[in-house]
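Visitor: Quick one: this structure, given as structure tokens, is what I'll be asking you about.
The values are calculated or read from the model by the stated rules, or taken from the named source; none is laboratory data. The shown structure was predicted, so the numbers you read here are calculated from the model rather than taken from an experiment. Methodologically, a virtual Cβ is constructed for each residue, glycine included, from the backbone with ideal geometry; neighbour enumeration extends over all protein chains shown. We work out accessible area using only protein heavy atoms, side chains counted, and drop any ligands, DNA or RNA first. Shrake-Rupley method; radii C 1.70, N 1.55, O 1.52, S 1.80 Å.
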Amino acid sequence: MRKLSDWLVTAEMWLAALLAALVTVLILLNVVSRALGMAIYWVDELAIYAMVWMTFLATSVVIKRRQTLSVTLIIDLLPAQGRLWLGVFSDLMVLLFAGLLLLFCIRWFDPFTLYQHGFDDEAFQMQTFNFIYAETTNTLGLNKFWIWLILPFVAVTLLLHAWVNFQGRCVQLLKRDYADAQG
């Protein structure tokens with residue numbers, strides 16, 4: 001699992017970097033086209049969606065690498081064992097968040113009911129009153145669920161990364177307990 005997580009975080013990092021470059025190009029294109037009096041309206045919307053995807057992917061990378069911002073006032077006062085236990089708690093909270101996010105995405109996208117209706121979005125909407133598959137973007141004309149698919153994707157990757165981080169922290173804790181018992 002660690003190798004999959006490591007490979008995935010590398011892919012997420014590269015994709016986030018490409019999306020950052022795309023956002024830059026789209027904003028420059030927007031500035032130039034407006035300056036020339038020929039505004040391309042879908043560019044704004046595409047830049048926003050690219051930035052949203054970039055942010056979610058970068059968040060997954062940051063959590064995997066444990067590079068999030070934190071206030072360490074209390075942590076710095078604790079002994080090493082206490083810091084390890086707080087790290088385990090932190091990893092558990094990320095794991096819980098990722099699991100809940102995935103659960104909410106499954107409830108929101110409701111793929112099982114969609115499948116039961118033969119992927120007929122109108123029948124799905126009539127039964128569930130969930131219009132996720134019918135909403136379109138304002139200028140691009142894409143179904144919004146394609147944009148929103150980043151949420152379940154990131155939920156799965158966060159779940160994987162958090163599980164790997166949690167296992168690593170537990171191994172550290174066990175090694176420390178074993179070393180304390182031996183010495």
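Visitor: Place a point 7 Å from Cα of I27 in the direction of its Cβ. Which residues in the range 36-68 have their backbone N less than 16 Å from it?
Guide: Answer for this model: 43-56.
Visitor: Then there is this: K64: which lysines have alpha carbons under 21 Å from its alpha carbon, excluding same-chain residues fewer than 8 sequence positions away?
Guide: Counting by Cα, and skipping residues close in sequence, K64 has these lysines nearby: K3.
Visitor: Mind checking the full-extension length gain between A17 and L140? Use 0.36 nm per residue of separation minus the Cα-Cα distance, one decimal, nm.
Guide: 42.0 nm is the gain from fully extending A17 to L140.
Visitor: Restricting to Cα pairs below 8 Å that are 6+ residues apart, what does the relative contact order work out to for the range 1-149? Please round to a whole percent.
Guide: 19
Visitor: With the full set of protein chains in place, find how many percent of the accessible area of the range 122-177 is carbon and sulfur; take the probe as 1.4 Å.
Guide: 62
Visitor: Please give the FRET efficiency for A35 paired with T59, using the beta carbon to beta carbon distance and R0 = 35 Å, rounded to the nearest 0.05.
Guide: Rounded to the nearest 0.05, the efficiency is 0.55.
Visitor: In addition: Calculated FRET efficiency, K175 and T10, Cβ-Cβ r, R0 25 Å, to nearest 0.05?
Guide: FRET efficiency, K175 to T10: 0.40.
Visitor: Calculate the length of the line joining the C-alpha centroid of the range 99-129 to that of the range 1-45, in whole Å.
Guide: Each part's Cα centre sits 29 Å from the other's.
Visitor: Of the peptides 145-154, 95-104, how do they stack up when ordered by the mean number of other Cβ atoms within 10 Å, highest first?
Guide: Those peptides, ordered most packed to least, come out 145-154, 95-104.
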